[in-house]
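Chemist: Handing you a structure now.
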Amino acid sequence: MKKVQDYFLYFMFYSVIGWIYEVFLEVVVYRWGYSDRGVLIGPYCIVYGLGAVILLLALSGLMKKKIKLGPVNVTPFLVFVGIVLITTVIELIASYIMEFTAGEWMWDYTRFAFNFQGRIAPNPSIRFGIGGMVILYLLHPLARRFTEKTSLKVQRTAAVICLVLFAADCIHYVVSNWI
């Protein structure tokens, strides 16, 4: 149960990080102005949280290996390729789910070369690869250390609060869009 709790907290943490990244892109990089980048009310993009958890589960074993091509350790390169492939598939699936549930998806990659239906494109996939490397090699060791050093009671309290808020947000979304 502790592992499920930890992964739920990671999911929430990376969902918030994803929301911050999206808002940063819109406000600072593209200068389009602020818009809420999540489909829910809270400051989180669940596709980032889900993607990060999938990356952790799928690639943590590969990260521990030392795969060499001659004297060169190619493990980080293989992890990067894995991240790009996994996040691209997640983004494609998420676009179809969003289109089915909300009638549209929240991004349009038609301006990028080699895009597929404006849903996925190499440019954002490579950015997600870089972001995934930051998560797996920099942020997650810090997040893991934080969960290891925080008391079980504090973790449970945080998980319950996050779960209640997230569940209420999901219920609100369903009621607002489906009923």
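The values are calculated or read from the model by the stated rules, or taken from the named source; none is laboratory data. On a predicted model such as this, the values are computed, not experimentally measured, just so you know. Cβ: placed from backbone, ideal geometry, glycine included. Neighbour counts: every protein chain shown.
Chemist: Could you check the range 31-50 and list, in sequence order, the residues that are within 16 Å of residue 98 (Cα to Cα) and either surrounded by fewer than 18 Cβ atoms within 10 Å (Cβ to Cβ) or free of Cβ contacts under 8 Å to residues at least 24 places away in the same chain (or both)?
Modeler: The answer is 36, 38, 41, 50.
Chemist: Read through the list (1) farther than 20 Å from residue 140 by Cβ; (2) out of contact with any Pro (no Cβ under 7 Å at 6 or more places or on another chain); (3) not charged (D, E, K, R), then give the number of the only condition that residue 114 fails.
Modeler: Going through (1) farther than 20 Å from residue 140 by Cβ; (2) out of contact with any Pro (no Cβ under 7 Å at 6 or more places or on another chain); (3) not charged (D, E, K, R) one by one, residue 114 breaks only (2).
Chemist: To continue, here is another question. Picking from 85, 59, which residue would you name as being of a type outside the set (S, T, N, Q), in contact with a Leu (Cβ under 9 Å, 6 or more places away or on another chain) and surrounded by 12 or more Cβ atoms within 10 Å (Cβ to Cβ)?
Modeler: When all the criteria are applied, what remains is 59.
Chemist: While we're looking at this one, here's another question. So if I check each of 28, 84, 4, 53, which one is β-branched (Val, Ile, Thr), assigned to a helix (DSSP H, G or I), within 30 Å of residue 148 (Cβ to Cβ) and free of Cβ contacts under 8 Å to residues at least 40 places away in the same chain?
Modeler: Going through 28, 84, 4, 53 in turn, just one is β-branched (Val, Ile, Thr), assigned to a helix (DSSP H, G or I), within 30 Å of residue 148 (Cβ to Cβ) and free of Cβ contacts under 8 Å to residues at least 40 places away in the same chain: 4.
Chemist: Please determine, by comparing only the residues of the range 31-50 that are in contact with a Ser or Thr (Cβ under 7 Å, 6 or more places away or on another chain) and not in a loop (DSSP other than H, G, I, E, B), which one is nearest to residue 127 (Cα to Cα).
Modeler: 48
Chemist: Return yes or no: is residue 38 among the small types (Gly, Ala, Ser) and in contact with a helix residue (DSSP H, G or I) (Cβ under 6 Å, 6 or more places away or on another chain)?
Modeler: Details: among the small types (Gly, Ala, Ser): yes; in contact with a helix residue (DSSP H, G or I) (Cβ under 6 Å, 6 or more places away or on another chain): yes.
In short, yes.
Chemist: For the list (1) surrounded by fewer than 17 Cβ atoms within 10 Å (Cβ to Cβ); (2) at pLDDT below 95, I need the number of the one condition that residue 98 fails.
Modeler: Among (1) surrounded by fewer than 17 Cβ atoms within 10 Å (Cβ to Cβ); (2) at pLDDT below 95, the lone unmet condition for residue 98 is (1).
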